[in-house]
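Notes to accompany the following structure.
Each reported figure results from applying straightforward, stated rules to the coordinates on display, with no laboratory input. Bear in mind that the values here come from a model prediction, so they are computed numbers and not experimental data. Here Cβ is always computed from backbone atoms with ideal geometry, including for glycine, and neighbour counts include all displayed protein chains.
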Amino acid sequence: MTKVLPVNKTSLLQAAKLLKADELVAFPTETVYGLGANALSDRAVEKIFAAKGRPQDNPLIVHVCSLEMFESVAHINKPAYALISTLMPSSLTLVLKKKPCISNIITAGLDTVAVRMPNNLAALDLIRCANVPLAAPSANTSTRPSPTTAQAVLADMDGKIQLILDGGKCEVGIESTVLDLTADCPTILRQGIVIQSTLENILQTKVLIAGNADSAVKSPGVKYKHYAPNCKVVLNVSGNTKEIKLQYMQIKDEFARVCIMCADEYINDCAFAHILPLGKDARQAAERLYENLLEAEKSFDCVLIVWTDKTEVGMSVLSRLLKASC
Ligand code: TXA
Ligand code: MG
């Protein structure tokens with residue numbers, strides 16, 4: 001049985017005790033829920049791979065609550081200090097050279113480690129209480145959409161872990177930006193809400209966004225199937241009303257129950273279908289995306305997603321949609 005407890009002093013202490021005993025605890029972050037284990041214990045970290053059915057060659061992010069803890073797990077270079085002092089805690093993960101306390105199981109054999117300080121009080125309190133860095137992937141079984149509520153974690157992980165800390169809905173909704181600071185040029189391996197222009201302003205240098213081929217080499221997790229609900233996902237990036245209707249009719253020939261997920265601006269044009277709204281802008285869409293995908297699979301055989309937002313956060317949302325639909 002998996003317990004779900006609201007975040008408070010008692011549940012944090014209970015969670016910290018489980019973590020110290022090498023057990024797994026799911027906890028809220030501002031991005032998505034994480035599945036935490038003591039990053040300094042191989043036995044604990046191995047349990048993450050087993051619970052998620054995660055391939056061993058997909059490295060984990062280490063979560064810290066202070067600069068001191070950050071320094072204990074990674075060699076912090078100049079650009080990393082600049083980002084830490086300006087932005088953190090935030091939805092930004094830095095890839096840096098690892099320190100010896102971080103095992104090859106976490107890094108999948110790489111000599112680098114991905115580290116982040118989550119911008120969420122419950123997460124920071126939990127790390128402080130456990131007094132160790134926490135290795136934590138998103139708290140879903142591999143290939144599924146990441147959970148943004150404790151209920152979504154439970155639906156996926158029930159019976160596999162002992163405790164879920166319920167901190168309500170995650171306000172960001174998509175995973176952190178992963179920035180590699182070990183390359184010649186800082187490179188975004190996974191897009192998120194911390195965007196290229198913000199990073200370039202702070203670092204005063206060009207920041208690259210890795211194409212899928214490069215990031216699959218640099219960041220092994222990127223090559224795997226991701227974010228896929230148990231229903232078909234079809235993507236429309238044109239936003240052309242006639243085309244959307246035609247596509248919808250074609251899908252209807254094959255699937256009985258079809259819905260459309262789209263930004264508010266398309267709701268009127270798509271009134272012929274059941275709508276799962278993505279909200280007024282890319283930030284709202286990020287917040288709702290995974291919850292909507294999980295909603296879609298409950299009642300529909302196929303979801304047609306209309307997404308045309310070309311802002312930087314819009315592109316971060318698109319990167320998830322491309323994976324969910326392939
Ligand atoms: O927002 C987030 O980052 C969430 C919350 C829980 O913090 N965590 C998360 O973890 O999304 P996960 O395991 O689902 O994704 C980790 C990503 C993968 O794409 C992985 O390949 C990459 O980070 N990664 C981890 N260590 C790396 C390393 N040393 N070098 C390059 N990429 C790395
Ligand atoms: Mg994940």
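Figure legend: label point modelled 7 angstrom from the Cα of residue 22 along Cα→Cβ; residues of segment 43-60 with amide N under 20 Å from it are 43-54, 56, 60. Projected label points at residue 141 and residue 4, each 7 Å from Cα along the beta carbon direction, are separated by 1.8 nanometres. Within the listed set 120, 140, 38, the Gaussian network model of the chain (springs between alpha-carbon atoms below 10 Å) gives the highest mean-square fluctuation for 120. Please find the FRET efficiency linking residue 281 to residue 121, where r is the Cβ-Cβ separation and R0 is fixed at 25 Å, and quote it to the nearest 0.05. Between residue 281 and residue 121 the formula returns 0.45. The local environment of residue 111, defined by Cβ-Cβ distances under 11 Å, has a net charge of +3 under the rule Lys, Arg +1 and Asp, Glu -1. Projected label points at residue 151 and residue 78, each 7 Å from Cα along the beta carbon direction, are separated by 5.1 nanometres.
Net length available on complete extension from residue 85 to residue 315 is 80.2 nm, with 0.36 nm assigned per residue and the Cα-Cα distance removed. Bridgeable lysines around residue 242 (alpha carbons under 23 Å apart, same-chain partners fewer than 8 residues away excluded): 232, 252, 280, 310. The mean of 1/r over all pairs of different alpha-carbon atoms in segment 78-175, once inverted, gives a Kirkwood hydrodynamic radius of 15.3 Å. With a simple spin-label model that places each label point 7 Å from the Cα along the Cα-to-Cβ direction, the separation between residue 183 and residue 104 comes to 2.5 nm.
For segment 254-326, the list of chymotrypsin sites (Phe, Trp or Tyr not before Pro) that fall in a loop by DSSP and count at most 13 other C-beta atoms within 10 angstrom reads 272. Beta-bridge orientation, the chain: approximately 35 percent antiparallel, per DSSP, counting only bridges with both partners inside. With a cut-off of 13 Å between beta carbons, the residues surrounding residue 249 carry a summed charge of 0, where Lys and Arg count +1 and Asp and Glu -1. The Rg/Rh ratio of segment 1-153, with both radii computed over alpha carbons and Rh defined as the Kirkwood radius, is 0.94. Based on the convex hull around the alpha carbon atoms, segment 16-74 presents an average projected area of 4.6 nm².
Computed over the chain, the alpha-carbon pair-distance distribution with 20 angstrom bins reads 33, 56, 11, each value a whole percent.
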